[in-house]
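These notes are about the structure you will find just below.
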Amino acid sequence: MSAHVIDVTNDTFEREVIEASKSTPVVVDFWAPWCGPCRALKPILEKLASEYDGKFKLAKVNSDENQEIAAAYGIRSIPDVMAFKDGKAVSHFLGAVPESQVRAFIDELIPTPSEIERARAAELREAGDHAGAVEALQKAVNLDPANDPAHLDLAGLLIELKRVDEAEAMLAAVQPNLEFDDRVATLRAALAFARSAGSASEAELKAKLAANLADHETRFALAGLYAGTKRYREALDELLEIVRRDRNWKDGQARKQILAIFNLAEKQPDLVSEYRKKLASALN
């Protein structure tokens, strides 16, 4: 067998398929020795595994010997070929289909050059190389202008870097799509906060607020400055104070901004939970 073809059992399925698919697509061939169509499909799958040279891995599961896995994935007829990506089963086909159909099935799994650049950008960002990540994401959107996830990643990173005009252009390039609408709305809120952060200094806003604690406009601007620099707790405190003093101020703008920050702070669930309770208390 090719170096890109392995036999998988009940004991190795989690490691060789689920975990492995988080970095490289895995095509699982559920087969059995007595199955004629399985024998017809086998050389096609193995040929393509060799030809694609590591762009996907072929995992072969003898369904007779590994009934636990076969049952877990509802295998009732073989050959059943199932594709895994990012730790999840994403597609499958039944029977000994022609090579052209198998090739098309596999091509759907293989990352495009644009997707590869987006993945590289995520690694660079994780390593703290923001300039490299911006460059990779820019390359991703140049390679495929329809790669909306790359546009969104780039917009988010540019907002962090205070390059708000460029971020706004990236968001404008995203096509309406229910899958992305919530993220677009969240990034637009972050963009608005980033613009607020640059409009006045913290010291100026604090001094103005100290002179008039009922100055909701200034308190709202201060909250925006805090949120624009990811000081979410301080931002939420200021917005909650507006809600406590005047819950209907500007048609509930303070409450709406609190909800926007909850989305921005999704990686801080304890903070969000704490302030959801405080918001409920302020409103009731």
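The values are calculated or read from the model by the stated rules, or taken from the named source; none is laboratory data. Note that the structure is predicted; figures quoted are calculated from it, not measured. Every residue, glycine as well, gets a Cβ built from its backbone with ideal geometry; the counts of neighbours run over all protein chains shown. Ligands, DNA and RNA are stripped out before the accessible areas are found, and what is left, the full protein with its side chains, is counted by its heavy atoms. Shrake-Rupley method; radii C 1.70, N 1.55, O 1.52, S 1.80 Å.
General observations
- Of all residues making up segment 262-273, the number that are at pLDDT 90 or above and either surrounded by 13 or more Cβ atoms within 10 Å (Cβ to Cβ) or touching a strand residue (DSSP E or B) at 6+ places or on another chain (Cβ under 9 Å) (or both): 4
Residue-wise test of (1) surrounded by 15 or more Cβ atoms within 10 Å (Cβ to Cβ); (2) in a helix (DSSP H, G or I); (3) touching a residue at least 24 places away in the same chain (Cβ under 8 Å).
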{"position": "Glu68", "(1), (2), (3)": "no, yes, yes"}
{"position": "Val102", "(1), (2), (3)": "yes, yes, yes"}
{"position": "Ile106", "(1), (2), (3)": "yes, yes, yes"}
{"position": "Glu117", "(1), (2), (3)": "yes, yes, yes"}
{"position": "Ala122", "(1), (2), (3)": "no, yes, yes"}
{"position": "Asn142", "(1), (2), (3)": "no, yes, no"}
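- Condition met for Arg233 (of a type in the set (Lys, Arg), within 30 Å of the chain's Cα centre (by Cα) and under 22 Å from Lys162 (Cα atoms)): yes
- Scanning segment 146-169 for residues that are closer than 11 Å to Arg188 by Cα, open to solvent by 10 Å² or more (accessible area, probe 1.4 Å) and within 13 Å of the chain's Cα centre (by Cα) yields a total of 1.
- Scanning segment 79-124 for residues that are under 23 Å from Ala140 (Cβ atoms) and touching an Asp or Glu at 6+ places or on another chain (Cβ under 6 Å) yields a count of 1.
- Selected residue [open to solvent by less than 70 Å² (accessible area, probe 1.4 Å) and under 21 Å from Pro111 (Cα atoms)] from Val5, Val61: Val5
- Flag for Lys60 being within 23 Å of Gln101 (Cα to Cα) and modelled with pLDDT of 95 or more: yes
- Every listed requirement among (1) closer than 30 Å to Pro149 by Cα; (2) touching a Leu at 6+ places or on another chain (Cβ under 8 Å) is met by Glu179 save one, (2).
- Selection within segment 31-66 - under 30 Å from the mean Cα position of the chain (by Cα) and either of a type in the set (Phe, Trp, Tyr) or outside any strand (DSSP E or B) (or both): Leu48, Ala49, Tyr52, Asp53, Gly54, Lys55, Phe56
- Per-region count, segment 22-36, residues in contact with a Leu (Cβ under 9 Å, 6 or more places away or on another chain) and open to solvent by 40 Å² or more (accessible area, probe 1.4 Å): 1
- Scanning segment 171-186 for any residue that is modelled with pLDDT of 90 or more, surrounded by fewer than 19 Cβ atoms within 10 Å (Cβ to Cβ) and assigned to a helix (DSSP H, G or I) turns up at least one such residue.
- Hey, Leu187 of a type in the set (A, V, I, L, M, F, W, C) and either in contact with a strand residue (DSSP E or B) (Cβ under 6 Å, 6 or more places away or on another chain) or farther than 30 Å from Leu137 by Cβ (or both) or not: no
- Top-ranked residue of segment 100-132 - restricted to ones that are within 23 Å of Val27 (Cβ to Cβ), in contact with a helix residue (DSSP H, G or I) (Cβ under 7 Å, 6 or more places away or on another chain) and among the charged types (D, E, K, R), ranked as modelled with the highest pLDDT: Arg103
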